[in-house]
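Down below is the structure, laid out as structure tokens.
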Amino acid sequence: MMKKTLQFICCFTMMVVLNQDVLGQTSSGHLDISTYLELADSDIIYPSSEQIEMLKKVMPKEAFQPAPKISDRAYWDAIANSESGQDYLVKANGLLDKKPEVPITDSIYRLANKDGNRGIYKPRYYRTMDHLEHFILGECLENNGRFLPQIISYSNAIMDMKSWLHPNHDDNDNGVLEGRRMTIDLGARKFGSVLALAESLLEDKLSEDLKNRINENLQNRIIDTYLKSTQFLDENNKWIKSTSNWNSVCTSGTVLTTITSSENYEERLATVGSALNSMVFYLSGFGDDGYCSEGLGYWGYGFGHYLYLAQILHDYTDGQIDLFAFNNADKMKNVGNFPEGFEIQNKVCSPFSDGVSSISSKGSNFANVLSAKHYGAIPPTEIRMEEAAEQLIAWQNTDMFQVAETATTSELPNHTYFNEFGMVISRGKQQAPFSIAVKAGHNAENHNHSDVGTYTLVLDDEIMTGDIGAPSYRAGSFSPDNKARSSWGHPVPIINNILQSNGIEFNGIIIETEFKEDKDKVIMNIMPAYELPMLQTLTRTMVNDKSGLGSITIEDQFIATEPVSFGSAIMTLNTYEIIDDTTVILTSKNHKVKAEIKSEGFEISINDVVVPVAHLREGGPAYRIGIDAKTQVKEGKLTITYTPL
């Protein structure tokens, strides 16, 4: 009898395991994300019925508690007595006399929408949210009611806003302001998150009327509009299928708000399920090698919020939903280690697209902290956080947020090749290293600049020439006519006065690489970036000769079926001197580089102009030193050799 019973138990256990495998559950109960994604509806983000059933096995029936409630004095008193808690309380106390800076008037909202002037609203928005976050957590730490009047005042001021959007994210007719529609943006998701934390943490410190008002606002402004868009892909939240930072940032805030504030289990299931489907699109914006076309700044912002989403879902499901590995652990590790690979040298990186040129010591480094934990990235020597949600995670995971006592440094390799996007960093090893980052890419990258073939040339810790970076975000900054956002404002060819076209099909293809100890060579076909049917070939060759002081050559060669005009440019933010039609001297704060120009098949002239963009992230003014053929020709070659002086 015992033998038969054991056989029955074994068979039953095998059936359970097999059934879990069918539903995409591992034997340990973890969600099998690969299987989950295979069951998605191909047309919408909202989870399929099969996906919902999988989620029910790993998601608790209760709402998420992002931190212990204020009544848990053992927890909060311990935090209050810590160095971090004391520092936080000092900041919160320093803000106590500040009034909320919202709502802004309709006239300011409309003006900001029309002109794209972020300065007249964005600081007010984020100061308001930052202050309220500090009041909420300050009250949790102190628990004597001093912060409550401000919490009530700020919460009501936020809910009095007709629109939680950045005004420039509303439509031209101010549809959200006017109440014709509802949508979530980078600002709205944070307004929602902050109010959700207040309602969740403060318990009966807030009146029932205020808590009800908060929940009504969260339901209308966040939960309902998100779930509607996941089902019908309407005009309101198109970022749910985006590969940019918008997706991870807005999704993380939406998920935190919903799983914390919604009393409806089905809503929480649908929101988490939609988020998992949506993250497929966000992560597809990275190469399998980890390359982030948005640059280092947006890696920190976007991937940081992805990791914060991963952490709260890990905490909510007791580790059964693992976004840290998602469905491709190797790729995720590469993404987590992107900053080190993207550095050219001496904390300098290329400002491709709307990226930044230096590894920042400002803003949140939450992404670096969690990447060190989960992906073996270099641990930071300081902790910087910008959001209460990050701070709550840090207080509950103190071991993870221990700083490295000494900076970990690793020697950068002679070259880095992100082959999926076609981006190469060739590093010199001289005493003052002379290095270059050059990119093929395509013209549908996030924050695209129509810049196939662009490059950044660095001597020691200074960018000497190449990509001038992004226009500052204000009216007209995203216009295709903005000179800094078109190929005119980049060191790439212009043929028959035609610039590069936009779209993923307009790309560059690296066709040959050669990496040696003393010389690197990259050849790319950049002809597909142009709509020029008469072109037969257009190649760009980069050679980094690392001997001596070093020299870096950029060579463009073309063949056409009919005579064409040809030109290229040296772009710089530095001072310069045009010696003659073959020599330009570039001078930065500490260095000089000589650019020697040679042509075959045509004679050239140099025509320098100021880039007509008043506000650039990298400073300014920027200059375009145009190099133009004097006559039209069917074929030719233009070579620029840069040498340190």
> Right, residue 552: touching a residue at least 40 places away in the same chain (Cβ under 8 Å), buried (at least 22 other Cβ atoms within 10 Å of the Cβ) and either among the aliphatic types (A, V, I, L, M) or farther than 24 Å from residue 415 by Cβ (or both) or not?
Replying inline: yes
> Exactly one of (1) in contact (Cβ under 8 Å) with a residue 40 or more places away in the chain; (2) open to solvent by 30 Å² or more (accessible area, probe 1.4 Å); (3) part of a helix (DSSP H, G or I) is unmet by residue 50. Its number?
Replying inline: (1)
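Let's see how each residue does on (1) of a type in the set (A, V, I, L, M, F, W, C); (2) modelled with pLDDT under 95; (3) open to solvent by 10 Å² or more (accessible area, probe 1.4 Å):
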site: 131; (1), (2), (3): no, no, yes
site: 151; (1), (2), (3): yes, no, no
site: 175; (1), (2), (3): no, no, no
site: 182; (1), (2), (3): yes, no, yes
site: 194; (1), (2), (3): yes, no, no
site: 209; (1), (2), (3): no, no, yes
>> Quick check on segment 480-515: of everything there that is out of contact with any helix residue (DSSP H, G or I) (no Cβ under 6 Å at 6 or more places or on another chain) and charged (D, E, K, R), which residue is surrounded by the fewest Cβ atoms within 10 Å (Cβ to Cβ)?
In response: 481
> Just for helices (runs of 4 or more DSSP H) wholly inside segment 111-213: which have at least 2 residues that are of a type in the set (A, V, I, L, M) and over 26 Å from residue 262 (Cβ atoms)?
Replying inline: none
>> Against the definition (open to solvent by 50 Å² or more (accessible area, probe 1.4 Å) and closer than 19 Å to residue 484 by Cβ), how does residue 614 come out, yes or no?
In response: yes
> Only one residue in 353, 371 is in contact (Cβ under 8 Å) with a residue 12 or more places away in the chain, small (Gly, Ala, Ser) and in a loop (DSSP other than H, G, I, E, B). Which one?
Replying inline: 353
> Exactly one of (1) assigned to a strand (DSSP E or B); (2) crowded, with 20+ Cβ neighbours inside 10 Å; (3) not β-branched (Val, Ile, Thr) is unmet by residue 469. Its number?
Replying inline: (1)
> Within the set of pairs 6 or more residues apart or between chains, which connect a residue that is over 12 Å from residue 557 (Cα atoms) and open to solvent by 20 Å² or more (accessible area, probe 1.4 Å) inside segment 535-546 to a residue that is among the basic types (Lys, Arg) and not in a strand (DSSP E or B) with Cβ atoms less than 9 Å apart?
Replying inline: 546/427; 546/429; 546/516
> Within segment 348-390, can you find the residues that are closer than 24 Å to residue 257 by Cβ, among the small types (Gly, Ala, Ser) and surrounded by fewer than 20 Cβ atoms within 10 Å (Cβ to Cβ)?
Replying inline: 363, 364
> When you go through 315, 330 one by one, which is the residue that is of a type in the set (Asp, Glu), free of Cβ contacts under 8 Å to residues at least 60 places away in the same chain and part of a helix (DSSP H, G or I)?
Replying inline: 330
> Of the residues that make up segment 467-479, is at least one without any contact (Cβ under 8 Å) to a residue 40 or more places away in the chain and more than 29 Å from residue 514 (Cα to Cα)?
Replying inline: yes
>> Return the residues of segment 491-534 that are free of Cβ contacts under 8 Å to residues at least 40 places away in the same chain, β-branched (Val, Ile, Thr) and touching a Lys or Arg at 6+ places or on another chain (Cβ under 9 Å); say none if nothing qualifies.
In response: 523
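The values are calculated or read from the model by the stated rules, or taken from the named source; none is laboratory data. Owing to the predicted nature of the structure, the values given are computational and were not obtained by experimental measurement. Virtual Cβ from ideal backbone geometry, glycine too; neighbours counted across all protein chains shown. Ligands, DNA and RNA are stripped out before the accessible areas are found, and what is left, the full protein with its side chains, is counted by its heavy atoms. Shrake-Rupley method; radii C 1.70, N 1.55, O 1.52, S 1.80 Å.
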